[in-house]
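Here's the structure, in structure tokens; my notes come after.
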Amino acid sequence: MGRGNGKLGQSAGSMRGVAADELRRHNLGAVLDHLHLAGPVTRSQLTVVTGLNRSTVADLIGELAALGLVTEGPATVANGPGRPSPVVDVRPHGAVVLAVEISVDSLAVATVGIGGHVFNQVRVARHRGHFRPDQTIADIGQLSAPLLDALPEGSHVLGAAAAIVGIARRSDGFVHFGPNLGWRDVPLGDMLATGLGLPAPVAVANDADLGALGEFRRGGRPDVEHLVYISGEVGIGCGVIAGGSPLLGSAGYAGEAGHNLVNPNGTECGCGATGCWETEAGEKALLARAGLAGEAVGLEALDLLEDRTIAGDRQALEAMEETGHWLGIGIRTLINLFNPEVVVLGGMYHRFFDHLIDSAIRSTSGAVDVSRSMAEISRSNIGLGAPLIGAAELVLAGVIDDPAAVLHSG
């Protein structure tokens, strides 16, 4: 039997009803998505951008308002003929996500509402060796509790999502491997749901994939449909948006570009291979070239490196040049593979962008000319918080897709 045979027994009227419900759900999502991304607009503007008529838009706004997701303000004065049109905006605390980022050098949490409104966020340096999953959950709980308590009265917390430096299964938040954390086979989604007391399942995804999603949705590039996001820390993460959709692979593990071979004569990587991209362009390699390998670790070491770079320290500047070269070697491969409109540099590369970019661009010269000419290499517009924003978008996508179903189920 085909997949559609289950509907054969339905009456024509019933089928029309199903189609009408689906159309209304789609239209609700279209209106909410535009408000979520564009901010406050008039009813008249919504009729233009959605292609729906005035009465339909009014009904949809009424339903979204009843769900607590939007508000209407005073009408604006019309510039031309016609009645003034009320201004519609999202109600940020109508749908809130606790976003979490688990990195090697830091932990971060944020409360993010519909419309991309960040109520509060906090990032703390993380000591190497304090990586056990149970310790991590406890730390996240301590960081998130005051943020959740500070939300406006009546806030609707949908749940949580976590960005992690590792290979994670999106369907249930299971972390298969986080080499730079020392994690293997960790049921992070279930552990977070239990530890935080939030609705399960908690969404979990690779930090670079969520950085790419955050930049695509909220990075201020409305016309870009093909984007590569590269994040540098101890390792290198890569997320890809192709044709407006995340490129995740069959199980969600695509984008492990940090473990692509770039130097056959290089050093051993934490993954067990030799000459991986992150061994040449990652944090450890940069600090070693700058002569800081033994002086400090993590964010403290990067702060020290930044001070020396700004001061014009020759070894620090040469380390930036060499690391930028290897960064560009990897970017060249990604340009050839994905033909992006923009390559976005986040994490450590965002911080040191001005010192790395010239060397990196020179090293992309081996890319196919036509693809290279189309690809802008840009600093992240969101900054260090891109994975957090992407994590929030992962959950908010559900309420945008079907507002009534998600909020009624909560």
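The values are calculated or read from the model by the stated rules, or taken from the named source; none is laboratory data. Keep in mind that what you see is a predicted model, and the values were worked out from it rather than measured. Positions of Cβ are backbone-derived with ideal geometry, glycine not excepted, and every protein chain shown enters the neighbour counts.
Mind checking whether some residue in segment 394-402 is assigned by TED's automatic domain parsing to the domain that holds residue 109, part of a helix (DSSP H, G or I) and within 20 Å of residue 254 (Cβ to Cβ)?
Within segment 394-402, the subset assigned by TED's automatic domain parsing to the domain that holds residue 109 is 394-402.
Within this subset, residues satisfying the condition of being part of a helix (DSSP H, G or I) are 394-401.
After this cut, where a residue has to be within 20 Å of residue 254 (Cβ to Cβ) as well, the list is 394, 397.
Yes.
Take residues that are under 30 Å from residue 220 (Cα atoms) and not assigned by TED's automatic domain parsing to the domain that holds residue 298 and tell me which of the strands (runs of 3 or more DSSP E) falling wholly in segment 106-204 contain 3 or more.
106-113, 117-125, 157-164, 167-169
So which of 267, 279 is buried (at least 19 other Cβ atoms within 10 Å of the Cβ), hydroxyl-bearing (Ser, Thr, Tyr) and either assigned by TED's automatic domain parsing to the domain that holds residue 327 or touching a His at 6+ places or on another chain (Cβ under 7 Å) (or both)? Spell out how you get there, then give the answer.
Values: 267 fails: buried (at least 19 other Cβ atoms within 10 Å of the Cβ).
Residue meeting the stated conditions: 279.
Could you list, in sequence order, the residues of segment 289-299 that are surrounded by 14 or more Cβ atoms within 10 Å (Cβ to Cβ) and either at pLDDT below 90 or of a type in the set (A, V, I, L, M) (or both)?
290, 292, 293, 296, 297, 298, 299, listed by residue number.
Check whether at least one residue in segment 117-130 is buried (at least 16 other Cβ atoms within 10 Å of the Cβ) and on the phi > 0 side of the Ramachandran plot, and report yes or no.
no
Just wondering, is there one or more residues in segment 265-279 that are within 24 Å of residue 175 (Cβ to Cβ), within 28 Å of the chain's Cα centre (by Cα), of a type in the set (D, E, K, R) and at pLDDT 90 or above?
Checking segment 265-279: at least one residue is within 24 Å of residue 175 (Cβ to Cβ), within 28 Å of the chain's Cα centre (by Cα), of a type in the set (D, E, K, R) and at pLDDT 90 or above.
For segment 94-117, what are the residues that are among the aliphatic types (A, V, I, L, M) and under 14 Å from the mean Cα position of the chain (by Cα)?
Selection gives 97, 98, 99, 100, 102, 108, 109, 110, 112.
Restricting attention to segment 356-393, report how many residues are under 24 Å from residue 336 (Cα atoms) and part of a helix (DSSP H, G or I).
Qualifying residue count for the region: 14.
Scan segment 205-224 for residues that are surrounded by fewer than 24 Cβ atoms within 10 Å (Cβ to Cβ), of a type in the set (D, E, K, R) and either assigned to a strand (DSSP E or B) or under 15 Å from the mean Cα position of the chain (by Cα) (or both) and report the count.
3
Looking at segment 144-169, which of the residues that are surrounded by fewer than 19 Cβ atoms within 10 Å (Cβ to Cβ) and under 24 Å from residue 347 (Cα atoms) is modelled with the lowest pLDDT?
Result: 169.
Check residue 344 against each of (1) at pLDDT below 95; (2) surrounded by 15 or more Cβ atoms within 10 Å (Cβ to Cβ) and name the one condition it does not meet.
Going through the list (1) at pLDDT below 95; (2) surrounded by 15 or more Cβ atoms within 10 Å (Cβ to Cβ), residue 344 breaks only (1).
For the list (1) modelled with pLDDT of 95 or more; (2) surrounded by 17 or more Cβ atoms within 10 Å (Cβ to Cβ); (3) aliphatic (A, V, I, L, M), I need the number of the one condition that residue 395 fails.
(1)
Out of segment 103-115, which residues are of a type in the set (Val, Ile, Thr) and modelled with pLDDT of 95 or more?
If we filter segment 103-115 for residues that are of a type in the set (Val, Ile, Thr), which is where we start, we get 104, 109, 111-112, 114.
Of everything in segment 103-115, those that are of a type in the set (Val, Ile, Thr) and modelled with pLDDT of 95 or more turn out to be 109, 111, 112, 114.
Filter segment 347-371 down to the residues that are under 23 Å from residue 243 (Cβ atoms) and touching a Lys or Arg at 6+ places or on another chain (Cβ under 8 Å), then identify the one that is surrounded by the fewest Cβ atoms within 10 Å (Cβ to Cβ).
367
For residue 61, work out the one condition from (1) within 30 Å of residue 183 (Cβ to Cβ); (2) in contact with a strand residue (DSSP E or B) (Cβ under 6 Å, 6 or more places away or on another chain) it doesn't fulfil.
(1)
Given the condition buried (at least 24 other Cβ atoms within 10 Å of the Cβ), more than 23 Å from residue 273 (Cβ to Cβ) and without any contact (Cβ under 8 Å) to a residue 40 or more places away in the chain, answer yes or no: does some residue in segment 189-200 qualify?
Scanning segment 189-200, I find at least one residue that is buried (at least 24 other Cβ atoms within 10 Å of the Cβ), more than 23 Å from residue 273 (Cβ to Cβ) and without any contact (Cβ under 8 Å) to a residue 40 or more places away in the chain, so the answer is yes.
Quick one: is residue 169 among the charged types (D, E, K, R), under 21 Å from residue 271 (Cβ atoms) and in contact with a helix residue (DSSP H, G or I) (Cβ under 9 Å, 6 or more places away or on another chain)?
Yes; evaluated as a whole, the condition is true for this residue.
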